[in-house]
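Quick note: the coordinates plus some simple rules give every number you see, no bench work behind them. As the structure is a computational prediction, the values presented were derived from the model and not from experiment. Positions of Cβ are generated from backbone atoms using ideal geometry, with glycine treated the same way; all protein chains shown enter the neighbour counts.
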Amino acid sequence: MSLMIPKLKLNTGSQKSSLMKDQFDKHHGTKPKHFSINESVYAKVFERNAWSWKPATVVQRQGRVVYMVRLNDGRERVVHANQLKLRVEQTDECKDELWTTTMFDIFEVPLPQETSTPMSVTTSTFATPSREQQQQGLSMQQGHQSRAQARMPSSAQFSQRSQQHQSPGVVPVRRGNRVRKPVNRYDPSN
């Protein structure tokens, strides 16, 4: 009897499961990970009640998402692809450059400009304005300050005058203007 009725829906179970898998992957942001043999990776290792990423190399693939890796100390582990990250070694020059740019960002110092000499050797020099440019900038700054002082109240004039006496490269510390009452502490003898 089942041969007489045509099957309109073939393999609906596999189609539903593939749709579910696609939706799950889209929702959770999964990305396919494939590692080749002898590839440098970081393996997530659980030791001493803590997870850490240790450098390793892929020895073999044991399934669709399971790999055998050899840690740098010689131990071999079977790990899931989710516990592996691709390892890209940085040269010392890249590390130094990263360190200097980070330090320049932290201390808000302008990056050095690269200049080339006739011998095609690049040297880094700090961009410093000439003395004429500094004097011109100071005179313009003082002109702006004098115009601003005419419009400011007396408390602001005091802070503006204190800024004029500081060197132009030093950023003044911002102070609060609130007048504070003395603290009324509890005294049991009163």
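Over 29 Å between Cα atoms: which of LYS31/LYS54; LYS16/LYS44; LYS21/LYS44; LYS16/LYS54 fall into that group?
On the way: LYS31/LYS54 22 Å; LYS16/LYS44 34 Å; LYS21/LYS44 25 Å; LYS16/LYS54 39 Å.
Going by Cα-Cα distance, LYS16/LYS44; LYS16/LYS54 fall outside the 29 Å limit.
Taking the Cβ of HIS34 as the centre, find all other residues whose Cβ is under 11 Å away and add up their charges (Lys, Arg: +1; Asp, Glu: -1).
Details: positive: LYS31, LYS33, ARG61, ARG64; negative: GLU39.
Residues close to HIS34 contribute a combined charge of +3.
On full extension of the chain, what length is gained from ILE106 through PHE24, given 0.36 nm per residue of separation minus the C-alpha to C-alpha distance? Don't jump to the answer; show the numbers that get you there.
Numbers: separation 82, 0.36 × 82 = 29.52 nm, distance 4.10 nm.
The ILE106-PHE24 span can extend by a further 25.4 nm.
Sort 41-50, 20-29, 63-72 by the packing proxy (mean of other Cβ within 10 Å over each peptide's residues), most packed first. Intermediate results must be reported in sequence, preceding the final value.
Numbers: 41-50: 12.7, 20-29: 9.3, 63-72: 14.9.
My ranking of the peptides, most packed first, is 63-72, 41-50, 20-29.
Based on the Cβ-Cβ distance of ASN49 and VAL173, what FRET efficiency does E = 1/(1 + (r/R0)^6) give at R0 = 35 Å, to the nearest 0.05?
Numbers: r = 45 Å, r/R0 = 1.29.
Once rounded, the FRET efficiency stands at 0.20.
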